[in-house]
Amino acid sequence: MPSIFTEILSGRAPASFVYRDAMVAAFLDIAPLSEGHCLVVPIEESARLANLSPDTVKHLAAVAQEVGGALQRSDPTITGLNWLMCDGADAGQEVPHVHLHVIPRRQGDGLRFGGRSRKAARAELDAWAERIAERLSERP
Ligand code: 5GP
């Protein structure tokens, strides 16, 4: 089912991209739960994880691992990460296109899930994307 992520992946809607290859893309969440919050998304349009090939799921996880590493290299205050996937509307999925949240955590941040977060300014998201992408290319 087409969604806002179809628009983003096709370039018809803006996003602050960190990474993209033939199978997977990563960009900043428009309403971050914490600074640097990224979404890792398969290019293939699928609402549910079960409909993706195992190779795509493996690659999605590998890219999320790399993005998490780049986040921590780009900001030393990031001392932990949460991965979150809402698979299906009953699991809280709002955008019907598979996505893995990579959410930076900082000591004592007190972050709780489930609330609404504010939309970030595009310039702020672009700055994070640039910073993360730079560190991604430095991966060990
Ligand atoms: P879900 O609840 O489906 O797991 O999360 C959907 C996520 O997509 C939310 O964190 C929300 O902020 C994000 N999102 C919704 N619309 C857009 C958009 O237009 N651009 C970006 N970058 N993120 C979006």
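The values are calculated or read from the model by the stated rules, or taken from the named source; none is laboratory data. In this text the structure is predicted, and so the values were computed from the model without any measurement. Note: ideal-geometry Cβ built from the backbone for every residue, glycine included; neighbour counts use all protein chains shown. All accessible areas refer to the heavy atoms of the entire protein, side chains included, with ligands and DNA or RNA removed. Shrake-Rupley method; radii C 1.70, N 1.55, O 1.52, S 1.80 Å.
Key figures for this structure:
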{"read-out": "Pair list, Cβ under 7 Å, 6 or more apart: the stretch 121-135 residue more than 12 Å from ASP75 (Cβ to Cβ), other residue surrounded by 13 or more Cβ atoms within 10 Å (Cβ to Cβ) and of a type in the set (Asp, Glu)", "value": "none"}
{"read-out": "Subset tally (residues that are more than 13 Å from the ligand (Cβ to nearest atom) and in a loop (DSSP other than H, G, I, E, B)) for the stretch 112-140", "value": "5"}
{"read-out": "Residue that is least open to solvent (accessible area, probe 1.4 Å), among those in the stretch 73-99 that are in a helix (DSSP H, G or I) and either of a type outside the set (Asp, Glu) or in contact with an Asp or Glu (Cβ under 7 Å, 6 or more places away or on another chain) (or both)", "value": "SER74"}
{"read-out": "Out of VAL63, VAL57, VAL95, sole residue that is hydrophobic (A, V, I, L, M, F, W, C), under 12 Å from the mean Cα position of the chain (by Cα) and within 21 Å of PHE5 (Cβ to Cβ)", "value": "VAL63"}
{"read-out": "In the stretch 100-130, residue farthest from the chain's Cα centre (by Cα) [restricted to those that are surrounded by 15 or more Cβ atoms within 10 Å (Cβ to Cβ) and basic (Lys, Arg)]", "value": "ARG106"}
{"read-out": "Residue list for the stretch 26-61, restricted to those being surrounded by fewer than 21 Cβ atoms within 10 Å (Cβ to Cβ), of a type in the set (Gly, Ala, Ser) and not in a loop (DSSP other than H, G, I, E, B)", "value": "ALA50, ALA61"}
{"read-out": "Qualifying residue in the stretch 49-61 (condition: within 13 Å of the ligand (Cβ to nearest atom) and of a type outside the set (Asp, Glu))", "value": "yes"}
